[in-house]
Structures are given as structure tokens and as C-alpha cells.
1. Find the relative contact order for region 32-75 and round it to a whole percent, using C-alpha pairs within less than 8 Å whose residues are 6+ positions apart.
2. Within region 56-156, which trypsin sites (Lys or Arg not before Pro) sit in a loop by DSSP and count at most 16 neighbouring Cβ atoms inside 10 Å?
3. When the solvent-accessible surface of protein heavy atoms is calculated with a 1.4 angstrom probe, in what order do I48, I75 fall, highest first?
Amino acid sequence: MPGAAPQKPIILRFATAFGRPADAHSLKFQPDRAEGVNLITRQDGLAIWVGPVRHGHSLLVPWQGEAQRWAPARIEDLRAAHFEQVLALRPELVIFGSGPRHRFVAPALMRCLIDARIGCETMDTAAACRTYNVLASEGRAVLAALLIEPEPVAAG
């Protein structure tokens, strides 16, 4: 509806009794409120919103705690030390957003995650935001490592 305020996404679960619906003819839907879990509420290519906070730079979004600025802006800027910063947050799974296009990272850069047996999935940043939200909503110890490439400076 034009001019209407955007609504928060609501995750619904079936209310059940002893693992099956309480009444075969009706089901009660309840919103699943993930208290204390970071959710990405918007992404537009130039910024990412974690809850109501806009971040116009690359960042690390852990399932809990503060989102953190992440130094690399482009995939070419990545170094092994950037993934050691990810490892320090102790996720069980990392969703890596490679920017506007899906691009893979050299496995040598992610060696610390591989050695720690932490899974890492790579996709474009928009897909990474969506995937992170699903996993965080399920209660997984997931971390989104998201690249936001700066806008090109117009020559003038």
C-alpha cells in the first residue's frame, strides 16, 4: 500500500499440544519473537540495517551481540586476518556475502575457519542477508560476514 509504514517480518509457528495440533480443525498462529537475536531488516547494496541501525560499510553480524565494522570493502581486500576476526566471535557457521556478485574466496584465506571446523557458505550479499536471518531465527550460532562495496566516486 503506497505511503504505508513498512511492517516487521513475523515468523509464525504452529501452536501444538503434545507434538500435534490442539484441534484438528483449527490452528493457532503465534509470532516467534527472537529476543536478543540480531536480524537484518534491510539491505540495498549500499547499506545494511541490523534492527533499526544503518551500516554503510562492510560488517560482521553475529547472531547475538553488537554488529561490528569489518575492514575489507572488496573481495580483493580480504586477508587471512579478517577471517581470524570472524573466528574470534565463535560462530558455528559463517555466511559470507561477497558483494553484489557471487564470488568465491581463496580457501587459504579461510584456513582458520576450516581448521576450527566452522562451516562457511559464500553467496552474494543480498542472499547472505536472507540466509543469515533464517538461520539466526532458528537459533543457530551463525555469523554474517558481509562486504559492502563503497560507491564509486564521480570524477568531476
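The values are calculated or read from the model by the stated rules, or taken from the named source; none is laboratory data. Computed from a predicted structure; not experimentally measured. Positions of Cβ are generated from backbone atoms using ideal geometry, with glycine treated the same way; all protein chains shown enter the neighbour counts. Side chains are part of the model used for accessible areas, which takes the heavy atoms of the whole protein and leaves out ligands, DNA and RNA. Shrake-Rupley method; radii C 1.70, N 1.55, O 1.52, S 1.80 Å.
1. 29
2. Answer in residue order: R74, R79, R101, R103, R117, R140.
3. Ranking I48, I75 by accessible area, largest first, yields I75, I48.
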